[in-house]
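See structure below.
The values are calculated or read from the model by the stated rules, or taken from the named source; none is laboratory data. No experiment lies behind these values; they were computed from the predicted model shown. In this analysis, Cβ positions are derived from the backbone assuming ideal geometry, glycine residues included, and neighbour counts consider all displayed protein chains.
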Amino acid sequence: MKNSIPAWLRIPIVFLIIVVLVELTIDSGNKLAIIERPEVSLFLIFVLLLLIGIEAIVRSLENILYQTLDAEAKERYNLKRSSQSKVLIWVKETYAKLRGGKEMEEEHEIILDHNYDGIRELDNDLPPWWLYGFYASIVFAFVYMARYHIFDGENQYDELQANLEQAKVEIEEYKKGAKDLVDFSTVTVLVDASDLKAGKTIYEMNCVACHKADGGGGIGPNLTDKHWILGGGIKNVFKTISEGGRAGKGMIAWKQSLKPAEMAQVSSYVLQFQGTTPTDGKEQEGDIWVDENAPKEAIPSSAMEVKSNDVLEIEKD
Ligand code: HEC
């Protein structure tokens, strides 16, 4: 036989290579493609059958050729076949080398003199695989020590920190994609023209009946002035829209029919009314809303007096 790898090894090896290639090329996230995608397993079963089929065809071709040989050639062929495959011989030799130790027949060379009630001891060398593993671990220990204790390599704490930072970035990314995750505590004013346009559409479809197209108010209060019944600013407005107004007033909880992202859009749109003058606007209701986080108004320079020693004093009125 020309081929040195026997068929019972050849088929699994080729099959394994194909499986690995399939896993590497098909993107199936963290899970294995054979588990995630049933068609992949079907394909692999087909490949396996094909491999076995090819092997069988090659076998029978060999058989046919064998029948055409004359007696002498058959003899030579048989001899070659029965000799062990090169791979097997290599595996056996390597194993013996790694294991070290003496053959049974040579054991008298290493037997020790002690005799414990008839039990005697062999002075075997350490098995090479073990010995070299031990040396390798010593080398590893030095490399490890140098890297982490001398050259300040990245330790677990640094790795954790890096992972946490990476996770933060990923969460931000995710939130950008998942706009519906907002609630009144996280909502921010949307400034994108597309969001405001969507907000306008939602407002015109749901809110104009009570608040008027220009926000002037009707059944519902005026949304253009600085006075708010339920609190101004994006967070309060979002909350009012989401949870509704006071019972019996007519402002329902819109979270039943609008998605969080839509409520954020319409809230941002509603805030655009601030400072506009609606035709026929409703009188003010509620209190003036002051955003506690807003920057304090600039102090007029006329209220300041520069003293000679450069200390600023603010005039009280
Ligand atoms: C059926 C009439 C009605 C509809 C429709 C309606 N509202 Fe209202 N809205 C009201 C009333 C009434 C109030 C006052 C609630 C209160 O006094 O508790 C109010 C209050 C509000 C407030 C708070 C005003 C303040 O001064 O605190 C906002 C913001 C608001 N609505 C936005 C909207 C938005 C956005 C829509 C559409 C998605 C909408 N409303 C649809 C009747 C309505």
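Taking every residue in the range 11-33 that is surrounded by fewer than 16 Cβ atoms within 10 Å (Cβ to Cβ) and pairing it with any residue that is among the hydrophobic types (A, V, I, L, M, F, W, C) and part of a loop (DSSP other than H, G, I, E, B), at least 6 positions away or on another chain, the pairs with Cβ-Cβ distances below 8 Å are I13/I5; E23/L32.
Given the condition among the aromatic types (F, W, Y), more than 22 Å from W289 (Cα to Cα), assigned by TED's automatic domain parsing to the domain that holds Q274 and within 9 Å of the ligand (Cβ to nearest atom), answer yes or no: does some residue in the range 244-254 qualify? Talk me through it step by step, then tell me what you get.
As a first pass, look at the range 244-254 and keep what is among the aromatic types (F, W, Y): 254.
Keeping just the survivors that are more than 22 Å from W289 (Cα to Cα) gives 254.
Next, from what is left, pick out any that are assigned by TED's automatic domain parsing to the domain that holds Q274: 254.
Next, only the ones that are within 9 Å of the ligand (Cβ to nearest atom) stay: 254.
Yes - at least one qualifying residue is present in the range 244-254.
On the stretch given as the range 239-260, residues that are under 16 Å from M205 (Cα atoms) and in contact (Cβ under 8 Å) with a residue 60 or more places away in the chain total 1. Among what's in the range 202-214 and is touching a residue at least 40 places away in the same chain (Cβ under 8 Å) and more than 9 Å from the ligand (Cβ to nearest atom), pick the residue that is surrounded by the most Cβ atoms within 10 Å (Cβ to Cβ). So the residue we want is K212. Hey, any hits in the range 2-18 for a residue that's under 30 Å from P127 (Cβ atoms), assigned to a loop (DSSP other than H, G, I, E, B) and touching a Pro at 6+ places or on another chain (Cβ under 8 Å)? Within the range 2-18 (the criterion being under 30 Å from P127 (Cβ atoms), assigned to a loop (DSSP other than H, G, I, E, B) and touching a Pro at 6+ places or on another chain (Cβ under 8 Å)), the answer is no, since none of the residues qualifies. Within the range 148-155, does at least one residue satisfy the condition of being surrounded by 10 or more Cβ atoms within 10 Å (Cβ to Cβ), in contact with a Pro (Cβ under 9 Å, 6 or more places away or on another chain) and in a loop (DSSP other than H, G, I, E, B)? No. Scan the range 63-76 and give yes if some residue there is surrounded by 10 or more Cβ atoms within 10 Å (Cβ to Cβ), modelled with pLDDT of 85 or more and within 53 Å of the chain's Cα centre (by Cα), otherwise no. No, the range 63-76 contains no residue that is surrounded by 10 or more Cβ atoms within 10 Å (Cβ to Cβ), modelled with pLDDT of 85 or more and within 53 Å of the chain's Cα centre (by Cα).
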